[in-house]
Amino acid sequence: MIIAEIADMIKFKLDRQFDKNEIRLITLSLLKHFWKIPEIDFYTCKQKNLDERFDANFLKSLDLLQRHAPLQYVLGTAEFYGLNFEVDGNVLIPRPETEELVDWIIADSKDAPAIIDIGTGSGCIAIALAKNIKDAKVYAIDISGKAIKNAENNAENNNVRITFSCRDILSGDDFTHVKFDCIVSNPPYVCESEKPEMKRNVIDFEPHSALFVPDSDALKFYGAIADFAISHLADGGKIYVEINENLAEETQSLFKQKGFKYTELRKDLNGKNRMLKIKMQ
Ligand code: GLN
């Protein structure tokens with residue numbers, strides 16, 4: 001098999017559901033993953049011979065992609081903030097919007113802060129902060145034991161120390177005496193009623209417990225985060241949350257009602273209201 005034949009095979013299988021550019025990117029990723037072929041060879045050495053006997057996993061990957069599985073789950077890895085993360089169906093795939101939230105926190109941060117990430121999933125926020133803020137003491141919780149295992153593994157692979165704990169923020173348990181300079185969260189915020197607008201790769205494969213909230217109580221996680229912050233935010237500390245673009249005003253009001261006087265809204269790379277920074281004063 002030569003590179004060009006593999007590329008044709010991918011195109012044939014996935015032509016219906018992906019556009020040209022997506023197919024090119026998928027091809028580059030699969031060539032790199034299964035044959036360690038660098039990107040440049042795809043463009044310059046299309047006749048290069050690959051191993052005769054190709055991995056059965058390559059064919060399995062094509063089937064999964066055809067069934068709308070996200071590439072990151074198929075390959076088991078995702079990139080976030082320049083770092084590599086192992087991901088599986090127990091954790092959300094890290095999103096570029098969340099990189100912007102991390103960017104904001106890093107830009108604001110002083111040395112050695114105590115930070116907690118609520119609903120850490122793959123650990124991407126906690127790990128990117130631990131990696132980029134000098135002497136940060138980072139804690140992270142998630143209700144899912146499987147997510148915590150995945151996040152622990154990712155922390156180890158990225159050589160950072162994080163204190164993980166399996167907790168439900170909605171339980172209201174006072175599980176720590178630490179005061180935090182920074183409380184961060186990307187909680188579930190997609191309303192059940194928004195499901196019809198979502199793509200199959202998300203709906204069929206990503207963990208619903210990390211995505212959806214009932215319309216009747218869409219801000220429940222923000223309420224719990226605010227309550228946690230009332231007892232655990234250090235003097236001058238800040239909260240950073242990712243939010244539902246359609247509920248920006250309501251989310252700000254919720255924090256105001258809980259006594260936080262300062263809120264600042266930011267848009268994401270698509271121009272959607274996506275991030276909120278909150279302070280007591
Ligand atoms: N932004 C994600 C999506 O649209 C949702 C993330 C979340 O619910 N925290 O799939």
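The values are calculated or read from the model by the stated rules, or taken from the named source; none is laboratory data. Bear in mind the structure is a predicted one, so any value in this text is a computation, not a measurement. So basically every Cβ, Gly included, is an ideal-geometry build from the backbone, and we count neighbours across all protein chains shown.
Structure summary
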| read-out | value |
| --- | --- |
| Qualifying residues in region 94-126 (those that are outside any helix (DSSP H, G or I) and surrounded by fewer than 22 Cβ atoms within 10 Å (Cβ to Cβ)) - the one nearest to the ligand (Cβ to nearest atom) | R95 |
| Subset of region 254-281 that is in contact (Cβ under 8 Å) with a residue 24 or more places away in the chain and among the hydrophobic types (A, V, I, L, M, F, W, C) - its residue that is surrounded by the most Cβ atoms within 10 Å (Cβ to Cβ) | I278 |
| Qualifying residue in region 225-246 (condition: among the polar types (S, T, N, Q), at pLDDT 95 or above and touching a helix residue (DSSP H, G or I) at 6+ places or on another chain (Cβ under 6 Å)) | no |
| Sole exception among (1) within 18 Å of L233 (Cβ to Cβ); (2) at pLDDT 95 or above for G172, by number | (2) |
| Qualifying residues in region 127-145 (those that are part of a helix (DSSP H, G or I) and over 15 Å from the mean Cα position of the chain (by Cα)) - the one surrounded by the fewest Cβ atoms within 10 Å (Cβ to Cβ) | G145 |
| All positions within region 198-255 that are over 22 Å from the mean Cα position of the chain (by Cα) and of a type in the set (S, T, N, Q) | S216, S231, Q252, S253 |
| Matching helices (runs of 4 or more DSSP H) fully within region 164-281 where at least 2 residues are more than 20 Å from T98 (Cβ to Cβ) and more than 12 Å from the ligand (Cβ to nearest atom) | 220-232, 248-257 |
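Here is a yes/no grid of residues against (1) part of a strand (DSSP E or B); (2) free of Cβ contacts under 8 Å to residues at least 24 places away in the same chain:
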| site | (1), (2) |
| --- | --- |
| I40 | no, yes |
| Y43 | no, yes |
| Q47 | no, no |
| K60 | no, yes |
| L65 | no, no |
| H68 | no, no |
| Y73 | no, no |
| F85 | yes, no |
| V91 | no, no |
